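The values are calculated or read from the model by the stated rules, or taken from the named source; none is laboratory data. Computed from a predicted structure; not experimentally measured. Neighbour counts are summed over all protein chains in view; Cβ atoms, including those assigned to glycine, are modelled from backbone coordinates with ideal geometry.
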Amino acid sequence: MSKKSNRRHRQQKDRNHVPSLGHTAVPAQNSQGGTKRRALWIGVAVVVVAAVVYAVSGSGERKEEIAAGSAANSITSAPAPSLLSAMAGGTSAVGVSGPKILFATPVYDFGQIKGGEVVKYTYVFTNVGDRMLEVTAVQTSCGCTTAGEWTRQVEPGMSGSIPIQFNSGNFSGQVAKSITVTCNDTNQPTVGLQIKGNIWKPIDVTPQFAMLNVTTDAPSNATTVRIVNNEESPLTLSAPESSNPAFAAELRTNQPGKEFQLLIKTVPPLPAGNVQGQITLKTSSTNMPVINVTALANVQQAVPVTQPATSGPSVVPAVTPNPSQ
């Protein structure tokens with residue numbers, strides 16, 4: 001075969017391979033189109049997800065704003081403490097006509113204190129009515145409890161105070177004192193307050209005043225005072241001494257180191273009237289080295305008993321007959 005024939009044969013062979021090349025190119029084009037479509041769908045999915053996330057986050061923020069607004073509204077619309085107290089007490093401040101007094105703490109318990117300490121407390125009250133509240137008087141049950149300068153006029157919705165001071169010097173054990181408040185609340189013109197607690201002393205002396213009533217005809221009398229040691233260490237007491245010879249004292253032991261009995265009696269003759277003396281005992285307690293008990297005797301003059309006068313039999317005058325009749 002000539003060279004020219006060989007050349008034509010190769011060209012013809014190459015032309016015969018062109019269709020196969022075209023067929024192999026088609027799959028490549030289809031693969032490229034599918035990739036583009038997948039990329040497009042992925043982009044759309046990303047956009048949709050982003051939109052959903054934004055919507056959810058925006059809704060959450062709106063919910064937080066709504067919640068914050070609701071909280072703010074609840075705070076701003078919450079009633080004043082005095083009104084809350086009124087509602088807690090079963091009385092609504094809305095519609096209350098006239099002045100209305102309401103105490104936050106009508107009973108104050110100061111717990112336990114040492115004897116001789118002074119307790120100070122301020123009672124707070126609120127006018128939950130719609131007129132001016134006037135507090136006209138504050139009275140205590142005894143001289144051991146005193147009231148300071150209190151708020152005398154309180155506008156509706158406002159609060160006032162009453163300072164109280166209690167001196168525990170002459171008390172031991174459980175104690176309760178009352179205070180009476182007078183105001184122009186027509187439904188509650190007087191309000192009772194109370195201050196109470198336990199007064200601890202290293203040594204309890206009960207009573208601290210020994211009262212004896214006698215007469216000049218029967219001047220002898222006696223009473224007992226109980227002495228109790230509240231400390232852990234045993235207590236020793238000296239023999240009692242009297243500042244007035246009209247009184248004598250004798251110490252008896254009920255429980256060694258713990259409990260004692262002091263017998264106080266009058267020593268005649270006693271003058272008429274009131275007689276006073278002081279019984280003193282020294283102790284081994286560093287917290288209360290001396291015990292003082294005041295003895296008081298009320299000496300009354302004997303009243304003589306007189307017998308009522310008896311009258312004799314009544315005498316009836318004799319009737320003389322008239323001879324002329």
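So, restricting to strands (runs of 3 or more DSSP E) that lie completely within the range 106-195, which ones have at least 3 residues that are among the β-branched types (Val, Ile, Thr) and outside the structural domain of PHE209 (by TED's automatic domain parsing)? Give the steps one after another, and end with the answer.
Details: elements: 107-114, 118-127, 133-140, 145-147, 159-167, 173-183.
Fully inside the range 106-195 and qualifying: 118-127, 133-140, 173-183.
ILE227 meets all of the listed conditions (1) at pLDDT 95 or above; (2) closer than 17 Å to THR294 by Cα; (3) surrounded by fewer than 16 Cβ atoms within 10 Å (Cβ to Cβ) but one, namely (3). Has the range 158-179 got at least one residue that is in contact with a Pro (Cβ under 8 Å, 6 or more places away or on another chain) and at negative phi? The answer is no, given that none of the residues of the range 158-179 is in contact with a Pro (Cβ under 8 Å, 6 or more places away or on another chain) and at negative phi. Please verify whether the range 200-222 includes one or more residues that are in contact with a Gly (Cβ under 8 Å, 6 or more places away or on another chain) and aliphatic (A, V, I, L, M). Within the range 200-222, none of the residues are in contact with a Gly (Cβ under 8 Å, 6 or more places away or on another chain) and aliphatic (A, V, I, L, M). Of the residues that make up the range 132-144, is at least one surrounded by 13 or more Cβ atoms within 10 Å (Cβ to Cβ), at pLDDT 95 or above and touching a Gly at 6+ places or on another chain (Cβ under 6 Å)? Looking through the range 132-144, none of the residues is surrounded by 13 or more Cβ atoms within 10 Å (Cβ to Cβ), at pLDDT 95 or above and touching a Gly at 6+ places or on another chain (Cβ under 6 Å).
Residues are listed down the side, and each one gets a yes or a no for (1) at pLDDT below 95; (2) of a type outside the set (A, V, I, L, M, F, W, C); (3) more than 39 Å from the chain's Cα centre (by Cα):
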{"position": "LEU193", "(1), (2), (3)": "no, no, no"}
{"position": "ASP204", "(1), (2), (3)": "yes, yes, no"}
{"position": "LEU237", "(1), (2), (3)": "no, no, yes"}
{"position": "LEU270", "(1), (2), (3)": "yes, no, yes"}
{"position": "ASN274", "(1), (2), (3)": "yes, yes, yes"}
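Scanning the range 95-116 for residues that are aromatic (Phe, Trp, Tyr) and within 15 Å of LYS177 (Cβ to Cβ) yields TYR108, PHE110.
One line per residue, one yes/no per condition, for (1) surrounded by fewer than 18 Cβ atoms within 10 Å (Cβ to Cβ); (2) touching a Phe, Trp or Tyr at 6+ places or on another chain (Cβ under 9 Å):
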position	(1), (2)
ASP185	no, no
GLN194	yes, yes
ASN198	yes, yes
THR215	yes, no
GLU241	yes, no
ASN254	yes, yes
THR280	yes, no
ALA295	no, yes
